[in-house]
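Before any comments, here is the structure.
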Amino acid sequence: MGGKNWVIMLYPKGKTNCKFLSLYLKADDKTIKEEVYAQVDMRIVDPFGCNHVTRTSKCWYQNSSTYSWGWPEFVSLAKLREAYLNKEGSLKVEVEFKVVSATKYFS
């Protein structure tokens, strides 16, 4: 999206709290010489209805320290097991990009 490669980083036992699923979006190429603004919705889909968990992010991906952005506590593991795994135990995650723009650095 936006001429960039993006990766969903999912931590099933949390990145900082083992009681939550952590979910991040990462710009895959750290060699880009520009600032990238992204407005996204990340969603865990309810396989049995329409009670999806959605979080919205508006973030400037500016350097190696901000090439990923997300939520250390996206949803609790108890809620995840209860409502968001399908019959096979799989999880469906969607990302919807609303805005992507870039500003190049000049030297």
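The values are calculated or read from the model by the stated rules, or taken from the named source; none is laboratory data. Fair warning: this is a prediction, and the values are worked out from it, not measured in the lab. Cβ coordinates were reconstructed from backbone atoms using ideal geometry, including for glycine residues, and neighbour counts include every protein chain displayed. Note: areas computed on protein heavy atoms with side chains; ligands, DNA, RNA excluded. Shrake-Rupley method; radii C 1.70, N 1.55, O 1.52, S 1.80 Å.
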Subset of segment 44-58 (residues that are open to solvent by 70 Å² or more (accessible area, probe 1.4 Å) and of a type in the set (Val, Ile, Thr))
56
Residues being assigned to a strand (DSSP E or B) and modelled with pLDDT of 80 or more: count how many of those fall in segment 61-97.
13
Just to verify a result, which residue in segment 44-60, among those that are at pLDDT below 90 and part of a strand (DSSP E or B), is farthest from the chain's Cα centre (by Cα)?
60
Any idea which residue in segment 1-43 is least open to solvent (accessible area, probe 1.4 Å), counting only those that are basic (Lys, Arg), more than 12 Å from residue 70 (Cβ to Cβ) and at pLDDT below 85?
4
Kindly provide the set of residues from segment 10-36 that are assigned to a strand (DSSP E or B) and within 14 Å of the chain's Cα centre (by Cα), ordered by number.
10, 11, 21, 22, 23, 24, 25, 26, 27
